[in-house]
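Data first, discussion second: the structure below is written as structure tokens.
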Amino acid sequence: MSEQRFAGRVAFVTGAASGLGKATALKLAREGARLMLFDRDAKGLQDVQAQCPGSVSYVGDASSSADVNAAAAASREALGPAEFLVTSAGINGIPKMAVDYTEEEWDKLFDVNVKGSWLAVKALVPQMRELGKGSIVLMSSTAGLGGSKFLAAYSASKGAVTMLARSLALNHAHEGIRVNCVCPGTIDTPMAQEMFVVASQMGGAAPPTVDQFRTRIPMGRFGLADEIGDAVLYFLSDAASYTTGVTMPVDGGLKA
Ligand SMILES: NC(=O)c1ccc[n+]([C@@H]2O[C@H](COP(=O)([O-])OP(=O)(O)OC[C@H]3O[C@@H](n4cnc5c(N)ncnc54)[C@H](O)[C@@H]3O)[C@@H](O)[C@H]2O)c1
């Protein structure tokens with residue numbers, strides 16, 4: 001029997017159909033949380049929902065205020081006010097140098113990664129205010145802590161997510177709402193696999209190979225989605241009751 005740190009408490013998770021959001025949702029469910037699972041991927045959501053007893057789900061676009069607000073209202077209606085929010089919906093885009101993005105590609109990355117995180121927070125903070133407490137984790141990236149040669153727009157968007165989390169922590173500390181930011185390194189999920197394939201197909205810019213990605217990590221391996229889920233659950237939990245505004249790499253030592 002696992003710990004039940006979240007028994008009966010309500011969590012809203014975006015990007016819940018895959019990778020880090022899925023791993024986090026499954027861990028929260030195992031510890032008794034009741035979940036709103038949000039993603040654009042209906043099939044993936046269905047699979048995760050089937051493994052999370054008492055959960056509800058909403059198929060929508062994280063960058064659409066209409067979708068996010070409707071999901072927040074549906075969650076409130078079905079489960080009561082949410083105490084927890086994890087924003088894991090994100091895209092990394094096509095590896096390119098900054099000047100090679102089209103305006104449309106650039107806007108899309110910022111819409112999903114930055115605006116999407118902000119919209120979810122904006123929709124869920126009123127529910128946390130009802131409760132007089134809350135804990136939010138924004139999923140950023142080690143790419144948001146330093147420049148990235150081949151994921152320039154992604155890196156810029158994650159830098160914005162990191163600073164958004166810190167500003168939110170300052171905005172809401174007096175209301176009992178904590179906001180922290182997890183920065184995964186390279187974690188073995190569908191997103192990372194897709195990036196390796198695309199990077200390997202890039203032309204003259206000599207992108208890193210999968211082995212080069214791996215060997216630059218001090219621990220010598222990619223991370224597991226569960227290892228990120230564990231960090232997220234720590235920040236959400238009461239064990240982190242005096243912790244807000246923290247930006248934490250979980251990266252096998254990459255940013256040491
Ligand atoms: N995997 C890594 O190595 C890694 C490293 C650093 C940061 N991250 C970040 O972690 C988060 C999760 O990544 P992952 O590896 O689990 O990727 P993933 O592709 O496995 O999962 C992302 C999920 O987000 C959903 N999603 C994407 N755009 C959406 C939108 N507009 N509306 C609704 N849902 C949307 C996808 O459908 C998918 O289910 C992302 O924000 C990513 O940038 C991942």
By count of other Cβ within 10 Å, fewest leading, how are 83, 105 ordered?
105, 83
Which cross-chain or sequence-distant (5 or more) residues have an amide H under 5 Å from the amide H of residue 246, H modelled 1.01 Å from N in plane?
181
Based on the Cβ-Cβ distance of residue 47 and residue 173, what FRET efficiency does E = 1/(1 + (r/R0)^6) give at R0 = 30 Å, to the nearest 0.05?
0.20
Length gained when the stretch residue 240-residue 133 is fully extended (0.36 nm per residue, less Cα-Cα span)
37.2 nm
Take the alpha-carbon centre of region 117-172, take the same for region 1-80, and report the distance between them in whole Å.
18
If one builds a Gaussian network model of the chain from Cα atoms under 10 Å apart, the most fluctuating residue listed among 216, 34, 166 is 216
Report the relative contact order of the chain, percent, no decimals, based on alpha-carbon pairs under 8 angstrom and at least 6 residues apart.
19
Would you mind computing Rg(Cα) / (2.2 N^0.38 Å) for region 94-192, counting N as its residues?
1.18
Between residue 102 and residue 217, what FRET efficiency follows from the Cβ-Cβ distance if R0 is 25 Å, with the result rounded to 0.05?
0.20
Taking +1 at the Cβ of each Lys and Arg and -1 at the Cβ of each Asp and Glu, which of 191, 219, 170 sits farthest along the dipole of region 138-228 towards its positive end, judged by Cα position relative to the Cα centre?
170
Calculate the dipole size of the chain relative to its Cα centre from +1 charges on Lys and Arg beta carbons and -1 charges on Asp and Glu beta carbons; express the result in debye to the nearest 20.
460
Counting only Cα, what are the radius of gyration and maximum Cα-Cα distance Dmax of region 62-102, in Å?
15.9, 46
About the Cα centre of region 13-122, how large is the charge dipole given +1 on each Lys and Arg Cβ and -1 on each Asp and Glu Cβ? Please answer in debye to the nearest 20.
460
Report the charge-dipole magnitude of region 85-180 in Debye, nearest 20, computed about the Cα centre from +1 at each Lys and Arg Cβ and -1 at each Asp and Glu Cβ.
400
For region 1-112, the charge dipole (Cβ of Lys, Arg +1; Cβ of Asp, Glu -1; about the Cα centre) points to a positive end, and the Cα of 8, 23, 36 closest to that extreme belongs to 8
Lysine pairs, Cα distance under 17 Å, 8 or more residues apart or cross-chain: how many in the chain?
10
Can you report the principal axis dimensions of the chain using only the alpha carbons, biggest first, rounded to whole angstrom?
54, 38, 37
When the helix-only estimate is applied to the chain (DSSP H runs of n ≥ 4, each -39,500 (n - 2.57), divided by the residue count), what is the mean residue ellipticity at 222 nm, nearest 500 deg cm²/dmol?
-13500 deg cm²/dmol
Name the residue, out of 231, 78, 17, whose mean-square fluctuation peaks in a Gaussian network model built on the chain with Cα pairs under 10 Å.
78
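All of the numbers you see were taken from the coordinates with simple rules; none came from a lab. None of these values were measured; they are calculated from a predicted model. Because the Cβ atoms are built from the backbone with ideal geometry, glycine has one as well, and the counts that use them run over all protein chains shown.
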